Amino acid sequence: MKKLLLFFIALIFLAVSCSGSKKAENDIDTDILPDDDTATTDEDTAEEEEEDNYDDDEDTDETGDSNPCENFANTDGTILYYENGNFECGCAEGYFWGNPGCKKITFANICTGQEYCYENNLYGHTYYCSDKNNPQGQDGYYAKEGYCLKQDFTQKNYYAGETTSIDDNLKIEWMNKVTGDYTWKEAVDFCENLEYGGHDDWRLPLPRELLIAGPKEFADKTELWSSVSLGENAWYINDKHNLELRYKLLEAGVRCVREDPEPEGEYTSSSPRFQTIRINNAEIVRDLESGIIWQKNLLSNLRWIDSMVLCENSSYAGFYDWRMPNINELTSLADHKNGGVSNFPGFESDLSEPYFWSSSTNDYENEYSSSYEDEMLYYSHTLDISDGRNVNIQITDYCGVVANALCIRNDPCRSGWFWNGKKCVESPCNSDPCKNDEHSDGECIIENLGKYSCGCAENYFWNGKKCVSPCDPNPCDEDKNSTGLCIVSAKDSYKCECRDGWFWDGVKCVNPCEDADCGNPEHGTGCKAYSAFAYSCGCDEGYWWWGKEKGCKARKPATANICTAQNKCYDNEKEIQCPAEGKEFSGQDAYYASLGYCAPQNFSIDYTTENEPVIVDNNLGMIWQRNIPQAEVLPISSVISYCENLVYGGYNDWKLPTEEEFITIADFGRYSPGIDTEYFPDAGSFWTSTNYTTYEDSYNNQIYSHSTTEHYKIFDFTELSAFQVETYSSSFTGSYGEIGNSGSRSYPHSFNIRCVRGTDMSGSALIFTQETLGENIWWNYDNDLIFMKNDTASLTWSEALKYCSELDYAGISDWRLPNIKEHPLNFAAEGHSSTTKLSDLSSDYQYKKDEKRENTLCVTNNPCENGKIWNGVKCIKNPCSGNPCQSDNHSDKICKVINEELYSCGCDATYYWSQSKAECSRSCDVNPCDDKEHSDGVCLDDETEGYRCGCSEGYIWLDYECQENCCEPNRCENLADSDGICRILGTSIGHPYCYCDCVEGYSWDPEDFFEDDWTSKGKCVKE
């Protein structure tokens, strides 16, 4: 009922509080261990139990002769109270009854004294926590329910007015007065030499004694030293009752304490304080000092109410009695002898935000009150985990205040029993059911309160009844092409080790060359297998292998024809067997590679030059430097000159590779690094010669500035990505765009260098064929690939695979999603590829495909042979063969097929295609003025510009466009201090700009130089 009530109250709070606040999902599952001194320190694990198992209405407390206390830990065996199902047990010495179960009397289990609960709204109201209408889960509620031990002090009067307060729970005696202002060393000496109340064994208190154990009437705004120091500083409690480190030579007050025996430290046992336990696939941490069970995984960036709701409704590890800790419980994690930094296992990673919420609140007025109309604000006590400080600053109801949270619970049962919410129930592992399973490691794992599983020996797995292995009996004994060794690859799968030259295909050992007749395909000479699915054939001289689908061709393959080396398929979470066509997730890179749509990577090492081996790409003819220099900080100019001046392996024509050349050696079947280290032993980030320039225009004080920034790309084999590095910039200035060079500067970076020689991989342009059955396609002559011209709307990866495989476009039906090397934009592409990129192989899944939406471009192989091109119905002669546009200096290098005889080239912005001249021309041979906006259609040859168009009234010819004439009408004629002459500046600032000549002694002041209405609002001002 408590959970249900809290849930509905939380919904109301969240509805009226800030909609933009951060809210974490409680997606963790954990479980807990018995909470007694004798609990085993071995790690227990269990699967998540169902809530109905935890809180079963049929579970009723035993009556009659049954003793409800017999399965609780740390009881003395007596029943102090038993009525209507409610009971209380007597506890052993040093323990108290803490609803339910016997808890240790420790600092963490002492109540904070908080009695009130608070609403979660601005200046919210207070309630006694017994009021059923107030939010549960707060400190005061659990204190009322008996989860902690109330403070209990007895005042003792001695002679001469020397009174003390004795903590009857923790057995600590406090002197009832604060003495003077002392340095830390003086404070230590004062307590050690003190004779007070008939005792001479006084000492300075520990930090947690000041925070937790002091008498409530002494928790005033008094600064007091503690006994724990760190170098030149020591912990003290400030006037807000928070711990801080203070320079020892400064002064603070002293209140001494004593006990018998004197404590040795904050945790005195020689064994580790925290015990990490895995249950139900989740980790919990048991504090052996306090008996508290903690969730190991913290909840981040939550408001106070959200943290409390999540803990109250948590089912972590199959338990349902989680709550948020009070400030005493939270502070118990701090180790003030270690600077306050806790060694709690959940804090092993760095915390950017070290604050943690508690369920304890405070309503005192402070310096913030005046800004809130002197209303009462409610704060939650928080703990700074980074240094153990009890911080009293977080406003509970303020939307922008977030912190972390940890949930806790107490399991009161003896070892081998678990609290199910009503009583202690026996663990299913108590009878040691795994000891008779010959393949079990003997570990019994609790999955829920009635179910267990056994830990199994290596390569064995629990099937619900016993430990089994897919290799027992050995299925490889029957495979004549295996060595007989069976290797377990997953819970229910295996693979056989194959003999040399044979490969595992998921079912048996195979050699693809057995069925490949390389003597049959024209110009083929022999077969070499690379995997169960990939092989290549040797080709006659002058011929190259393009993959088994195309065989040997008289042209070298381009980058797009070489496999990516990815040979596995995946769904959105894990590796799967490559699906056949039409199945979900079909159409992946590895599937088409297995069909021979690409040629496998083929490298060899040439050791001809001693100590200077080179790597030969037998597909592309490229040669790579194998031994590379140590990475050092170099400017890009030095990197480029290194390769240009390199003499290595008997060659002196090395160069810095382009991004596309590096892509040819990337291996997408590997992770970190994504390259075959047998051939390329050094991996990481490498300089490329691929660069681009960015431009920035600015105008200041009548000076037009134009800056350029040069970027060079870096290729990272760790993540298989290309990224840009800014290397230098140049700035040019001049009056109204009269450009002059003002110099440049360089920024050095440290990356690897690997040089290359051989084939030029600068790439060829795509050739555009228009109106193929009314649809447009791109065709790349170098790699014989055809692309649909227009990409489709955003799709997820799985949707893109399906879309391309089902596409019927331009008379072709065998489209597919291109792999990363086939994609025309390569790594710059923002569209999907069919290549799955591996992530960390140590994780549960090798690959997790991001389901974000991207544009999709489909590809297919050219169905035509001998250089012909597809027109949508048949193969025709290709007038774009060899791309005649490549040699036209004013062409964009894109060739457009008109018919079997005619083609056209795309031209630069100020040029137009002349069919009669078969070139991009800037004359009136083809009248470009007909399509010009605001032109009268008249084209005039111009020696300087090539041509010029006549313009409509009010427009002038400027920068090859008819643009609005901002000098008509001429506003300069009537402008003060102007000589009446209007002048037009070009469009380098985005549009024409007109200005006036000024009389002597005056200059032009452009008030709105960048106005979009193309007019000037300037004036002539006195110099």
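For segment 958-984, a tally of residues being of a type in the set (S, T, Y) and closer than 24 Å to T910 by Cα returns 1.
Working only within segment 747-771, note down all residues that are at pLDDT 70 or above and of a type in the set (S, T, N, Q). Spell out how you get there, then give the answer.
Of all residues in segment 747-771, those at pLDDT 70 or above come to 750-759.
Answer for segment 747-771, where residues must be at pLDDT 70 or above and of a type in the set (S, T, N, Q): S750, N752, T759.
Within segment 647-655, is even one residue under 23 Å from N819 (Cα atoms) and either in contact (Cβ under 8 Å) with a residue 24 or more places away in the chain or in a strand (DSSP E or B) (or both)? Walk me through how you get there before you give the answer.
If we filter segment 647-655 for residues that are under 23 Å from N819 (Cα atoms), which is where we start, we get none.
Within segment 647-655, none of the residues are under 23 Å from N819 (Cα atoms) and either in contact (Cβ under 8 Å) with a residue 24 or more places away in the chain or in a strand (DSSP E or B) (or both).
For the structure I just gave you, tell me whether V639 is β-branched (V, I, T) and in contact with a strand residue (DSSP E or B) (Cβ under 6 Å, 6 or more places away or on another chain). Give the steps one after another, and end with the answer.
On the way: β-branched (V, I, T): yes; in contact with a strand residue (DSSP E or B) (Cβ under 6 Å, 6 or more places away or on another chain): yes.
Yes: the conditions hold for V639.
Take I327 and tell me if it is crowded, with 24+ Cβ neighbours inside 10 Å, modelled with pLDDT of 80 or more and under 22 Å from K150 (Cα atoms). Yes, satisfied.
Residues that are under 26 Å from Y320 (Cβ atoms), in contact (Cβ under 8 Å) with a residue 40 or more places away in the chain and of a type in the set (S, T, Y) do not occur anywhere in segment 425-432. Give the residue, chosen from D682, D667, that is open to solvent by less than 60 Å² (accessible area, probe 1.4 Å) and part of a loop (DSSP other than H, G, I, E, B). Just a single option satisfies the conditions, and that option is D667. Regarding I487, is this residue touching a residue at least 60 places away in the same chain (Cβ under 8 Å) and in contact with a Cys (Cβ under 9 Å, 6 or more places away or on another chain)? No. Can you tell me which residue in segment 513-527 is farthest from W462 (Cα to Cα), limited to those that are surrounded by 15 or more Cβ atoms within 10 Å (Cβ to Cβ) and touching a residue at least 24 places away in the same chain (Cβ under 8 Å)? Per the criteria, the residue is H523. The numbered conditions (1) open to solvent by 50 Å² or more (accessible area, probe 1.4 Å); (2) more than 25 Å from E775 (Cα to Cα) are all true for D892 except (2). Tallying residues that are of a type outside the set (K, R) and within 16 Å of C456 (Cα to Cα) within segment 479-492 yields 4.
Taking the residues in segment 954-986 that are in contact with a Phe, Trp or Tyr (Cβ under 7 Å, 6 or more places away or on another chain) and open to solvent by less than 70 Å² (accessible area, probe 1.4 Å) as candidates, determine which candidate is nearest to D936 (Cα to Cα).
We begin by selecting, within segment 954-986, every residue in contact with a Phe, Trp or Tyr (Cβ under 7 Å, 6 or more places away or on another chain); these are 962-966, 977, 983, 985.
Still in the running and open to solvent by less than 70 Å² (accessible area, probe 1.4 Å): 962-963, 965-966, 977, 985.
Details: C962: 10, Q963: 13, N965: 15, C966: 19, D977: 37, L985: 23 Å.
Only one residue fits best here, namely C962.
If you go through segment 402-439 and keep only what is within 24 Å of S307 (Cα to Cα), open to solvent by less than 30 Å² (accessible area, probe 1.4 Å) and part of a loop (DSSP other than H, G, I, E, B), you end up with L406, C407, N410, D411, N420.
Scan segment 629-641 residue by residue and report those that are within 18 Å of T677 (Cα to Cα) and under 32 Å from the mean Cα position of the chain (by Cα).
Taking segment 629-641 first, the residues within 18 Å of T677 (Cα to Cα) are 629-631.
Result: Q630, A631.
Right, C996: of a type in the set (A, V, I, L, M, F, W, C), surrounded by 13 or more Cβ atoms within 10 Å (Cβ to Cβ), over 30 Å from C875 (Cα atoms) and in contact with a His (Cβ under 6 Å, 6 or more places away or on another chain) or not? Against the criterion (of a type in the set (A, V, I, L, M, F, W, C), surrounded by 13 or more Cβ atoms within 10 Å (Cβ to Cβ), over 30 Å from C875 (Cα atoms) and in contact with a His (Cβ under 6 Å, 6 or more places away or on another chain)), C996 does not qualify.
Out of all the residues in segment 571-581, is one or more open to solvent by less than 30 Å² (accessible area, probe 1.4 Å), modelled with pLDDT of 90 or more and not in a strand (DSSP E or B)? I'd like the intermediate steps shown before the answer.
In the first step, residues of segment 571-581 are kept if they are open to solvent by less than 30 Å² (accessible area, probe 1.4 Å); the result is 571, 579.
After this cut, where a residue has to be modelled with pLDDT of 90 or more as well, the list is 579.
Subset that is not in a strand (DSSP E or B): 579.
Looking for residues that are open to solvent by less than 30 Å² (accessible area, probe 1.4 Å), modelled with pLDDT of 90 or more and not in a strand (DSSP E or B), one finds at least one in segment 571-581, hence yes.
Going through segment 920-949 one residue at a time, which ones are of a type in the set (A, V, I, L, M, F, W, C) and either assigned to a helix (DSSP H, G or I) or modelled with pLDDT of 80 or more (or both)?
First pass over segment 920-949, keeping only residues of a type in the set (A, V, I, L, M, F, W, C): 920, 924, 926, 929, 938-940, 949.
Result: C920, C924, C929, V938, C939, L940, C949.
Give segment 685-704 a look and list any residue that's touching an Asp or Glu at 6+ places or on another chain (Cβ under 9 Å) and either open to solvent by 30 Å² or more (accessible area, probe 1.4 Å) or at pLDDT 70 or above (or both), or say none.
Taking segment 685-704 as the starting set, the residues that turn out to be touching an Asp or Glu at 6+ places or on another chain (Cβ under 9 Å) are 685-686, 688-694, 702, 704.
Of everything in segment 685-704, those that are touching an Asp or Glu at 6+ places or on another chain (Cβ under 9 Å) and either open to solvent by 30 Å² or more (accessible area, probe 1.4 Å) or at pLDDT 70 or above (or both) turn out to be S685, F686, T688, S689, T690, N691, Y692, T693, T694, Q702.
Within segment 276-314, the residues that satisfy the criterion of being at pLDDT below 85 and at positive phi are N280, N281, N301. Checking the structure you have, find out if any residue of segment 362-376 is open to solvent by 10 Å² or more (accessible area, probe 1.4 Å) and at pLDDT 75 or above. No.
Among the conditions (1) of a type outside the set (S, T, N, Q); (2) touching a Ser or Thr at 6+ places or on another chain (Cβ under 8 Å); (3) closer than 22 Å to D667 by Cβ, the only one that I628 does not satisfy is (2). Taking segment 536-566 as the range and being open to solvent by 30 Å² or more (accessible area, probe 1.4 Å), part of a strand (DSSP E or B) and touching a Cys at 6+ places or on another chain (Cβ under 6 Å) as the test, only C539 passes. Restricting the first member to segment 173-185 and to residues that are free of Cβ contacts under 8 Å to residues at least 60 places away in the same chain, and the second to residues that are among the β-branched types (V, I, T) and open to solvent by 20 Å² or more (accessible area, probe 1.4 Å), the beta-carbon pairs closer than 7 Å and six or more apart or on different chains are N176/T163. When each of K480, K465 is tested for being farther than 30 Å from D411 by Cβ and open to solvent by 80 Å² or more (accessible area, probe 1.4 Å), the lone residue that passes is K480.
The values are calculated or read from the model by the stated rules, or taken from the named source; none is laboratory data. Nothing here was measured: the structure is a model prediction, and the numbers come from that model. Cβ atoms come from the backbone with ideal geometry, glycine included; neighbour counts cover every protein chain shown. The area values use the complete protein model at the heavy-atom level, side chains included, leaving out ligands, DNA and RNA. Shrake-Rupley method; radii C 1.70, N 1.55, O 1.52, S 1.80 Å.
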